[in-house]
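In what follows, a structure is listed as structure tokens, so that the remarks can point back to it.
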């Protein structure tokens, strides 16, 4: 096997740092969990509804009709978004209300086409 | 059942637009596929290696050792990132070299803790 196949670049030019990747495994695992929560189209649409809401929040009852889904199915998606640290849950009376976690508002707005920040930049 | 359980808010305050969620289903599905590609810690670390590389690219041979993975396993992750529109693949001689798709450089840098843009902001 020619040398070029085992080490095609000068070691000084190698892309990989001998100390390991710049992103530590523990950080990569945390970030991957966040993206897993975002890897579902219904959850992205739920975030877009909450982001665009004039009150900044929504309850399950707001979401079952536009998504043609049962309340348990919507609740499951909402719980996944809460567990991922994207939504806050506030129980008031018979219903729970969901809003974007303040630290994540800018992150979510930057991700979603048609969100407030992207409308402002257009 | 009290009225508050079936419609707890004034319809004018309802979070969901009767025309449907602001994020269209086709856009949500496309975005969900992107986040699915990012929902794996090894793929995030591979992106961080390429983002931090002085040459802006890496080949499979750069990545097998730091990740203690076989070349086919690394190649599978790289193919997923190419299919998601995050990496370009450039075959030169016996090896393929991978770099961030120019349109996605800022997106990836904003996502990764410790990336160039986050180092600049720190």
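Rule-based calculations on the coordinates, nothing more; no lab input. Predicted, not measured: the structure shown is a model, and the values here were computed from it. As a convention, Cβ positions derive from the backbone with ideal geometry for all residues, glycine included, and neighbour counts pool all protein chains shown.
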Shortest first and in nm to one decimal, what separations exist between residue B:54 and its copies in the other chains, measuring from label points 7 Å along the Cα-to-beta-carbon line?
5.8
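Given the convex hull of the Cα atoms of the stretch B:27-121, what is a quarter of its surface area in nm²? Before the final figure, lay out each step's value.
Working: hull surface 25.8 nm².
That works out to 6.4 nm².
Tell me, what is the percent relative contact order of the stretch B:27-121, built from C-alpha pairs under 8 Å that lie six or more residues apart? Don't skip to the answer; put the middle values down first.
On the way: 91 pairs, mean separation 26.8, N = 95.
Over the stretch B:27-121, the number comes to 28 percent.
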